[in-house]
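Q: What follows is a single structure, and I will ask about it in a moment.
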Amino acid sequence: MKVAVDLTITNNLCDMIIDTIRNLEKYVALNPRIQHVVSFLRNNHWEDVADGKHIISGNDVFVNVMTQDGKTPQQAPMEYHKEMIDVQVPINTAETYGYIPAAELPESPFDTAKDITLIPGIEAQTFVTARPGQFVIFMPQDGHAPGITDQPTLRKAIFKVRK
């Protein structure tokens, strides 16, 4: 006897994900726009893309490539987004991310134009580290503190995907 199972994933049923870039296509079911990220990573020498914002699919998918100073867990503010999914990819060194569900964060002013709130001084419930060749997906309900590394600088790509 066959049993039908609904494997539909909604933005509210999935928390932070970490995996290797070669497996990113498996997560397109979360949001079909993630396919644009997969295609970009496959069809470009993305590690060599200049720092800055690069449009991939209008306002729905773009990437911010940046070089930033490394932070300690205490220096990295917690953040979350309401409209965009983050697919963060470290380029030159491992990056650690603090994590806490956004629902457990205190009220804080939200910048709707930039789709972000930054909340300093919040202790993460857990940490995860991604290395070059890996990615982390943060859904809108995922509070995260990025940029943590013991290296002086970190180069990374942050793909923004409209939910």
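The values are calculated or read from the model by the stated rules, or taken from the named source; none is laboratory data. Note that this is a predicted model, so its numbers are computed, not measured. Cβ atoms come from the backbone with ideal geometry, glycine included; neighbour counts cover every protein chain shown. Areas reflect the complete protein model, heavy atoms only, side chains present, ligands, DNA and RNA absent. Shrake-Rupley method; radii C 1.70, N 1.55, O 1.52, S 1.80 Å.
Q: Note down the nm distance, to one decimal, between modelled labels 7 Å out along Cα→Cβ at residue 118 and at residue 75.
A: About 1.3 nm separates the two model spin labels.
Q: Need one number: nm distance between label points at residue 26 and residue 125, each 7 Å from Cα along Cα→Cβ, rounded to one decimal.
A: So the two model labels end up 2.4 nm from each other.
Q: Taking 7 Å along the Cα-to-C-beta vector as the label spot, tell me the residue 110-residue 19 distance in nanometres, rounded to one decimal.
A: Placing both labels 7 Å along Cα→Cβ, they lie 2.7 nm apart.
Q: Here is a follow-up. Using a 1.4 angstrom probe and counting only protein chains, how large is the accessible area of residue 49 in Å², to 10?
A: 30 Å²
Q: Exactly which trypsin sites (Lys or Arg not before Pro) in the stretch 60-145 are in a DSSP loop and have at most 10 other Cβ atoms within 10 Å?
A: Qualifying residues, ordered by number: 114.
Q: By a straight-distance test (C-alpha under 17 Å), which lysines pair with residue 156 as possible cross-link partners, with residues fewer than eight away in the same chain excluded?
A: Candidates past the 8-residue exclusion: 53, 71.
Q: Lys/Arg Cβ at +1, Asp/Glu Cβ at -1, dipole of the stretch 32-163 taken about the Cα centre: which of 80, 38, 62 is farthest positive-ward?
A: Checked the options; the winner is 38.
Q: Let me check the size of the stretch 69-155 from its C-alpha atoms; what are the radius of gyration and Dmax in Å?
A: Radius of gyration, then largest Cα-Cα span, for the stretch 69-155: 12.4, 35 Å.
Q: Taking H as built 1.01 Å from N, whose amide H comes closer than 5 Å to the amide H of residue 92, not counting residues under 5 places away?
A: Result for residue 92 returns 155.
Q: Compute the Cα gyration tensor for the stretch 32-98, then decide on rounded, prolate or oblate, letting a ≥ b ≥ c be the square roots of its eigenvalues: rounded whenever a/c is under 1.5, prolate when a/b is larger than b/c in the other cases, and oblate in all that remain.
A: Note, shape of the stretch 32-98 comes out oblate.
Q: Can you list the GluC sites (Glu not before Pro) in the stretch 104-144 that are in a DSSP coil and have 13 or fewer other beta carbons within 10 angstrom?
A: Filter output for the stretch 104-144: 107, 123.
Q: HN-Hα J couplings of the stretch 96-108 from phi, Karplus 6.51/-1.76/1.60, θ = phi - 60°, integer Hz, Gly and Pro as x?
A: Per-residue couplings from phi come out as 9, 10, x, 9, 7, x, 4, 5, 9, 7, x, 4, 7 Hz.
Q: Using a 1.4 angstrom probe and counting only protein chains, how large is the accessible area of residue 57 in Å², to 10?
A: Around 40 Å² of this residue is reachable by solvent.
Q: Let me know the charge dipole size of the chain about its Cα centre in debye, to the nearest 20, where only the beta-carbon of Lys, Arg (+1) and Asp, Glu (-1) is charged. Write out the running numbers ahead of the final one.
A: Working: 15 positive and 20 negative charges, 112 e Å.
Result for the chain is approximately 540 debye, rounded to the nearest 20.
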